[in-house]
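In what follows, a single structure is set out as structure tokens and then discussed.
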Amino acid sequence: MSNKIRLLCVQPSSIAARFAFLAIALRWTLGATPRPARLMIGPHDLEPVGSEAAFWQFAFRHAFAGQSLLVTRGEHWDVAASVEGDEVRAFGRKFAIRQCLF
């Protein structure tokens, strides 16, 4: 797997989009749907990597902050990733932010 990661900023365009991840987490926890294998987020088809608890934390942050940073590597998305300053913790490693494209 490549060492390069991407940071994607997700800003919901509606109230429904803001709470969509909470709805997915709730259905998953209640057993109404299995663990999400892939999620389409904009043009990106990503496979979430992480625990159910990490997904809940991500969903709450997304719903209440109104935006989220997604850390991806290839087609995988680490739901428990964190960004602090110029350091990203994801996929069990630390990455330094070297280049930002806007």
I'd like to verify a number: residues in region 64-83 that are assigned to a helix (DSSP H, G or I) and either open to solvent by less than 50 Å² (accessible area, probe 1.4 Å) or among the basic types (Lys, Arg) (or both), how many?
0
Being among the charged types (D, E, K, R) and outside any loop (DSSP other than H, G, I, E, B) is true for just one of 35, 27. Which residue is that?
27
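Residue check: is residue 61 open to solvent by 40 Å² or more (accessible area, probe 1.4 Å) and basic (Lys, Arg)?
Yes.
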In region 32-58, which residues are of a type in the set (A, V, I, L, M, F, W, C), touching a strand residue (DSSP E or B) at 6+ places or on another chain (Cβ under 9 Å), within 21 Å of residue 11 (Cα to Cα) and open to solvent by 50 Å² or more (accessible area, probe 1.4 Å)?
40, 49
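If I ask for residues that are of a type in the set (D, E, K, R) and in contact (Cβ under 8 Å) with a residue 12 or more places away in the chain, which ones from region 7-37 would you list?
Residues satisfying the conditions are 18, 35.
From the list 32, 59, 63, which one is under 12 Å from the mean Cα position of the chain (by Cα) and among the small types (Gly, Ala, Ser)?
Criteria check complete, one pass: 59.
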Which condition number in (1) in contact with a helix residue (DSSP H, G or I) (Cβ under 6 Å, 6 or more places away or on another chain); (2) farther than 13 Å from residue 10 by Cα; (3) of a type in the set (S, T, N, Q); (4) in contact (Cβ under 8 Å) with a residue 24 or more places away in the chain is the one that residue 68 fails?
(2)
What is the number of the single condition among (1) of a type outside the set (Ser, Thr, Tyr); (2) in contact (Cβ under 8 Å) with a residue 60 or more places away in the chain; (3) in contact with a Cys (Cβ under 9 Å, 6 or more places away or on another chain) that residue 73 does not meet?
(3)
Is it the case, given these coordinates, that residue 81 is without any contact (Cβ under 8 Å) to a residue 24 or more places away in the chain and in contact with a Gly (Cβ under 9 Å, 6 or more places away or on another chain)?
yes
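The values are calculated or read from the model by the stated rules, or taken from the named source; none is laboratory data. Everything numeric here is computed off the predicted structure, so don't read it as measured data. Reconstructed Cβ throughout: ideal geometry from the backbone, glycine too, with neighbour counts over all protein chains shown. Quick note on the areas: whole protein, heavy atoms, side chains included, nothing else; ligands and nucleic acids left out. Shrake-Rupley method; radii C 1.70, N 1.55, O 1.52, S 1.80 Å.
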